[in-house]
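Structure first, commentary second.
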Amino acid sequence: MANRKLVGLVNGVLILAVLLPILLSIYLAHYKANQLFHAELDDFAARALVRTSRVIAQSTDAVEEINKGNDSTCSHAHVQAMRRVALNYRYIQEILFEKDGHIQCSSFQEFSDGEYIGDPDKVGRGGFSAWYTNNTDLGFKRTMIYIGKPPHIAAIDPGSFIDVIPYGGQTMNIAMIGLNSNQVIASSLPLHPNAWATQIKKGVRSYEYQGSAYFIRREENLGLAMVTWAPLAPLRQGWYEQLLIWLPIGVGFSLAAGLFITRLLRRLQSPQARIADAIKHDEFSVEYQPIVALQTGECVGAEILLRWQLPDGSWLSPDVFIPLAEETGLITTLTEQVIDKLFSEMGNWLHAHPGHHISLNLAPCDVRSNRVLTVIRPYLARYFIRPQQIAFEITERGFSDPKLTAPVIEQFRQAGHPIYIDDFGTGYSSLSYVQDLNVDVLKIDKSFVDALEYKKVTPYIIEMAKMLSIAMVAEGIETPGQAAWLRQQGVQFGQGWLYSRALPKEEFIEWVSRNHAPADEA
């Protein structure tokens, strides 16, 4: 009898030891999944508001710029001025000129029928107002947002405000609501008023409605609310399926359940945690994009490019993970990892090829201190490499505060490292900083190389570089005609698919040894 009781007690303890970890894991998985699910909705809405602020700031900048012209004639020169401003700002669809509330002309046409735009839906700070309208000055129906300050108005496609991609794998939708007008301004999917109107009035932040979870982010200063929503069915369905699988299993399934939860949590990790984990486990790789002398076709060096292959085999674009690394403060660690890979892979080769160089892209925060110089100096000594063989490429954002960056850039040059201006011409301060800062090479952005047939901007960039005695590298060369034109204009160097794509170390070294003749003969 006592033995039977002991057996029963042991069995009870065994059942508890098996079930309790499983139930706790299920609870934690459910709690964490819900927490991350709602956090992603919140983050999605928050990032949309950041995008909205950027679009509005760009709109006010455009209006301020055209208002400085003091032209109210609707003349051809006035229309051309509005057109230049509209083209210079990414999110601006059109610049309008109004008088007494009537549209007189726009960047699309010199005269209109004088459409009346009515009172603004929102009066903001600094004399700016906003209209949410379904009429355009061209006479067709389309939802547009006008932001203006007399006498000019910027027209914006509402889709620009919500053109934000969610970080996670969950399908999410977003809508922008005008708080004053109580109407949907832009939405990724149709959104019925019953799904949001009452909740916005009540001041609710998150709620569920007809099988979906909703999250509301308000921005009272802008008079806007971002509503994000996603279906709950996948979350609930996954929860029920796992519950049915785990309950019948004993001690052996406890370990399997623990492994499953670990994998589930890793999949649900935020992008910030994933990139930190990728740096820790050295998941990044590098490739080398050859740079050639346009006159001879000989390789003179390469640009080192960072690559990140995800566990599913796909590649994540640097346009995605580099800004994320900057936002999370991990870019400096990532830069140091790239430096280590550069020298471990190419150190001996660079020593054996003193006439070649490798250029390395620096983030803006890397340009604000001499940390990179401190890191790179021991590598140069270890591999007996001249500083001139390691160049630094800095985008226009890196030069945004010359008072901070100029002294550091000068330290780079005094240490013997060439300085490249990367993506030249894509920002707004090109002419100002290129004259004030001491740089060695100007990289002509691919967008200007693609537009050579128009020959409007690129020749001016080339002449300016010649006048300032700055060498040039043309990016994105894809055709022999482009290479020939650039060569005739005196551009010294180029890179692009005409010569080679970015290559891993071994393929790059083989490519250099194999290519000694011009590759762009027409």
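Values quoted throughout were computed directly from the atomic coordinates according to the rules given, and no laboratory measurement underlies them. Only a predicted model underlies this, so the values are computations on that prediction, with no experimental measurement involved. Quick reminder, even Gly has a Cβ in these numbers, built from the backbone with ideal geometry, and neighbours come from all protein chains shown.
Remark: region 57-158 carries a charge dipole of roughly 280 debye about the Cα centre, counting +1 on each Lys and Arg Cβ and -1 on each Asp and Glu Cβ. Qualifying chymotrypsin sites (Phe, Trp or Tyr not before Pro) in region 462-509, where qualification requires a DSSP coil assignment and no more than 15 other C-beta atoms within 10 Å, comprise TRP497.
In this label model, LEU305 and ALA273 are separated by 3.2 nm, measuring between points 7 Å along each Cα→Cβ vector.
Sparse packing (at most 15 other Cβ atoms within 10 Å of the Cβ) combined with a DSSP loop state is found for the following trypsin sites (Lys or Arg not before Pro) in region 195-227: ARG205. Which entries of LYS341/LYS466; LYS99/LYS403; LYS68/LYS122; LYS68/LYS202; LYS443/LYS505; LYS99/LYS456 show an alpha-carbon separation above 32 angstrom in the structure shown? Among LYS341/LYS466; LYS99/LYS403; LYS68/LYS122; LYS68/LYS202; LYS443/LYS505; LYS99/LYS456, the Cα-Cα distance tops 32 Å for LYS341/LYS466; LYS99/LYS403; LYS68/LYS202; LYS99/LYS456. Given R0 = 45 Å, the distance between the Cβ atoms of ASP100 and ALA406 translates into a calculated FRET efficiency of 0.40.
If the segment from ASP119 to MET467 were pulled out straight at 0.36 nm per residue, it would be longer than the present Cα-Cα gap by 120.1 nm. Put the Cα centre of region 146-204 next to the Cα centre of region 45-84 and the gap is 21 Å.
Computed extension gain for TRP349 through LEU373, at 0.36 nm per residue and net of the alpha carbon distance, reaches 6.5 nm.
In terms of Cα atoms, the Rg and Dmax of region 72-114 work out to 9.9, 28 Å.
The fraction of Cα-Cα pairs per 10 angstrom bin, counted from 0 for region 284-514, comes to 7, 33, 38, 20, 2 percent, rounded to whole percents. Put a dot 7 Å past the Cα of THR296, heading toward its Cβ, do the same for HIS38, and the two dots end up 6.6 nm apart. Tell me, what is the FRET efficiency for ASN194 and ILE509 to the nearest 0.05, using R0 = 45 angstrom and their Cβ-Cβ distance as r? The value I calculate is 0.10. The simple spin-label model puts a point 7 Å past each Cα toward its Cβ; for LEU232 and ALA77 those points are separated by 6.4 nm. Please compute the Cα-Cα pair-distance distribution of region 57-158 with 5 Å bins starting at 0, giving whole percents from short to long. Going out from 0 Å in 5 Å bins, region 57-158 shows 2, 14, 28, 28, 19, 7, 0 percent.
May I ask you to compute the full-extension gain from ASN67 to PHE384, defined as 0.36 nm times their residue separation minus their alpha-carbon distance, rounded to one decimal in nm?
On the way: separation 317, 0.36 × 317 = 114.12 nm, distance 5.77 nm.
Answer, rounded to one decimal: 108.4 nm.
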